[in-house]
Amino acid sequence: MSLILQKLTARNRQGRRATQLRTLVGAMLMLALSVGSAFGHDFRQGNLLIEHPYATPSLSGTHVGSVYFKSIRNKGSVPDRLVFASTPLAGRVEIHRMHMDGNVMRMREVPALDLPAQSEVSLRHGGAGTHHLMLVDLRKPLNDGDRFDIELVFENAGKRKVSVWVQSPRNTGHPHKH
């Protein structure tokens, strides 16, 4: 009888260990997935890889904001173009290009953003020749830590909704001024 009790007790311990192991593996998997989604902030649309969409906090008293991307990569053999963008957060979205006018940095709206085949286009804040999306007639301020959706329309790849995170730029700690 005592041998049977020992075997049952051993099986019970093994069962508890297996349950604990399954629980631990499940928790680790959940943690890995949540960390991946926190840092994996890229989106695909056809041959395009849209990397890390972000916005800077809006300046107090203004009704405009800016959306940037680490880059948009066209991995395909055919050129594409970003031709339109929209978000419920703003009255309209414009594609802007920064350029120097003498000693003054200016921006102007452009009809589209070319995405040559097998290329990477950066849309980061600052500097002549850079692009960004200008949010005009903001319905509410952009605050550090906020998230919102923006829909991008590409000439060939079609439409893609992406999630934009509002964050202060790392290099200055202050929002980009327009």
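The values are calculated or read from the model by the stated rules, or taken from the named source; none is laboratory data. All figures in this text were calculated on a predicted structure; none of them were measured in a lab. FYI the Cβ positions are ideal-geometry reconstructions off the backbone, even for glycines, and counts take in every protein chain you see.
Summary table
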| read-out | value |
| --- | --- |
| Candidates Thr87, Thr130, filtered to the one that is within 15 Å of Ser58 (Cβ to Cβ) and polar (S, T, N, Q) | Thr87 |
| Candidates Val104, Val121, filtered to the one that is aliphatic (A, V, I, L, M) and in contact with a His (Cβ under 9 Å, 6 or more places away or on another chain) | Val121 |
| Residues of segment 76-87 classified as surrounded by 19 or more Cβ atoms within 10 Å (Cβ to Cβ) and among the small types (Gly, Ala, Ser), total | 1 |
| Search result, residues across segment 92-121 that are surrounded by fewer than 15 Cβ atoms within 10 Å (Cβ to Cβ) and under 17 Å from the mean Cα position of the chain (by Cα) | Glu120 |
| Boolean, Ala112 is of a type in the set (A, V, I, L, M, F, W, C) and at pLDDT 90 or above | yes |
| Strands (runs of 3 or more DSSP E) wholly inside segment 75-155 containing at least 2 residues that are within 14 Å of Tyr54 (Cα to Cα) | 119-123, 131-138, 147-154 |
| Members of segment 45-75 found to be surrounded by fewer than 16 Cβ atoms within 10 Å (Cβ to Cβ) and in contact (Cβ under 8 Å) with a residue 60 or more places away in the chain, listed by number | Gly46, Ser60, Thr62, His63, Val64 |
